[in-house]
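First comes the structure, then the notes that go with it.
The values are calculated or read from the model by the stated rules, or taken from the named source; none is laboratory data. Since the model is a prediction, treat every value here as computed from it, not as a measurement. For neighbour counting, all protein chains shown are included, and Cβ atoms are generated from backbone atoms with ideal geometry for every residue, glycine included. These accessible areas exclude ligands, DNA and RNA; they are computed on the full protein's heavy atoms, side chains included. Shrake-Rupley method; radii C 1.70, N 1.55, O 1.52, S 1.80 Å.
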Amino acid sequence: MLEERPQAAVAVRAPDKPATRVPGAYRDPVTWAVALSAGGCYLVLSLFRLLRLNPSSWDLGIYTEYVKQLAHLHAPIVDVRGSGFNLLGDHFQVIVALIAPFFRVFPSPATLLAAQALLIAVSVFPVTAAAVWLLGRGAGRCIGFAYGFSWGLQQMMDFDFHEIAFAVPLLAFSLSALVRGRPRAAILWAMPLVFVKEDQGFTVAAIGLLMLMAGMSSGEAGGTGRGAWGAWIGRTRGSAGGGTFLVLWGLAWSVLAIMVIIPHFNAGHRYFYWGDGGVVGSGAPFSATGLLGQMFHAWPVKLHAVVLLLLPTVFIALGSPIALIALPSIALRFLSTNSAYWGTLWHYNATVMPVLFIAAAEAMARWRALPDRASGPHPGGSPPADVTWWRSLRVLAARHGAPMMLAVAVALAFQFPLSNLWSGSTYQIGPQVAAADAAMAQVPDGATVQTTLNLLAPLAARADTFWIGNAGNPITDYVVFDGTDSGYSPAPKDVPAFIAQLFPRDGYVEVFERDDVYVFRRG
């Protein structure tokens, strides 16, 4: 069996004979158990967050409205984001439309959460397959487990829902094919990334650039097939042409989305996120020093994020050129003037996880195959201290890197959202939720309603929903207001008086009240 081959096979496999089939990771019961466990754990956590009406942001409400509109073949007008707001004027995330047929059958925000958990579970297979193909079954299983429960994926699930979930398996399949010597499959899996979000085209270009450089080094463009590039991917054929195509494909779609498509659908005919660009795109004078200043501003926060990104792979990912594919997404975040992008919260680190774990597996396989140069003759009779130190570290990582990643994953599980699985409060549905559910039941399907952030997603699945915190909302049929979780600071003590103050001439009549949750109907 391929998955049981001796490790020496990594060193002797001919560069011109790539593997013709995926190892047994797709039929391995352990891999299935890891994938189902990861997807199941994340689904439980996200569903109970929904049931507790405790969203981390308004994004689940936004995407529920977006998918609902597409499911009914309507323009993606998302009033949660703003009255009459076309969501294609915010981000270029057309791939989310794949959820629409399922939403038509199961019209609930839970459908989006289930899709996200499934995407994560599916991504475990290509990561494990690459690790098994490179390192053998035992090490591959360890790396697959460490990836499936990595903190970047946990944080994404804790964020409710985001379109970036589609990028995770696409990246995993593309890079898995790349390290297994299947450039055509790598290209085909990378191409749809441009439809996930407008910035993913830069990641696609990075994949293409790496393939191009590797192809040139391996002799496709007159290279020798030796050296650093030829050593790690000399077996890929046609990667120079395929890499060039991906570079052009990725850059073209990112530029088209940012400069043409998004401004076309945006009411202000602009790309909103230029405002976070500082010296890039915001209208401020451009300078190299300003760019460097932005990159290294708040460097302790950014350095902490980088260290935590590398920790799940025990820093072994740094030994592989594959890790360079993570640079565009990290660089774009660190260049932004918006501090929300810099740290370890939210979903921004999820796409880095498959890149780094596959990079670590590739580095370990290559280190196992390298000759022991330190044991040969050296001037002076003994190898230099730095050679001995590097050799020892390399051997340790190559032999024991996989179980070390597994140990780190288990340790970090107690520091990130996965620890909520064994917390009783995760599963407690209080009386406040029952009151909110009863209040939302007062709103008929298809009505227009303004509501607080915690009730956006359930109402958006069946009504035209506006966030009450947005300015410029039209007068709606209903207002549903949770006084205990309103988002206002200070929280209003007299909700009916507060609503009368917000809408002094619109004739709203209170029709429901329980546990400080109110429903007002326009009289």
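What to note about this one:
- Taking region 470-484 as the range and being touching a residue at least 24 places away in the same chain (Cβ under 8 Å) and either out of contact with any strand residue (DSSP E or B) (no Cβ under 9 Å at 6 or more places or on another chain) or of a type in the set (A, V, I, L, M) (or both) as the test, the residues that pass are G472, I475, V479, V480.
- Within region 274-290, tally of residues that are assigned to a helix (DSSP H, G or I) and either free of Cβ contacts under 8 Å to residues at least 12 places away in the same chain or open to solvent by 50 Å² or more (accessible area, probe 1.4 Å) (or both): 4
- Any chance S174 is without any contact (Cβ under 8 Å) to a residue 40 or more places away in the chain and open to solvent by less than 10 Å² (accessible area, probe 1.4 Å): yes
- Of all the residues in region 408-433, those that are over 23 Å from the mean Cα position of the chain (by Cα), free of Cβ contacts under 8 Å to residues at least 12 places away in the same chain and open to solvent by 40 Å² or more (accessible area, probe 1.4 Å) number 3.
- Just one residue in the set V307, V260 is over 15 Å from E198 (Cβ atoms), in a helix (DSSP H, G or I), free of Cβ contacts under 8 Å to residues at least 12 places away in the same chain and among the β-branched types (V, I, T); that residue is V307.
- Test: residue in region 228-241 that is assigned to a helix (DSSP H, G or I), modelled with pLDDT of 95 or more and crowded, with 22+ Cβ neighbours inside 10 Å: no
Let's see how each residue does on (1) open to solvent by less than 20 Å² (accessible area, probe 1.4 Å); (2) closer than 29 Å to F466 by Cα; (3) at pLDDT 95 or above:
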{"site": "S83", "(1), (2), (3)": "no, yes, no"}
{"site": "V94", "(1), (2), (3)": "no, yes, yes"}
{"site": "P101", "(1), (2), (3)": "no, yes, yes"}
{"site": "A117", "(1), (2), (3)": "yes, yes, yes"}
{"site": "V122", "(1), (2), (3)": "no, no, yes"}
{"site": "W133", "(1), (2), (3)": "yes, no, no"}
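- Selection status of V480, within 29 Å of D160 (Cβ to Cβ) and either of a type in the set (V, I, T) or open to solvent by less than 30 Å² (accessible area, probe 1.4 Å) (or both): yes
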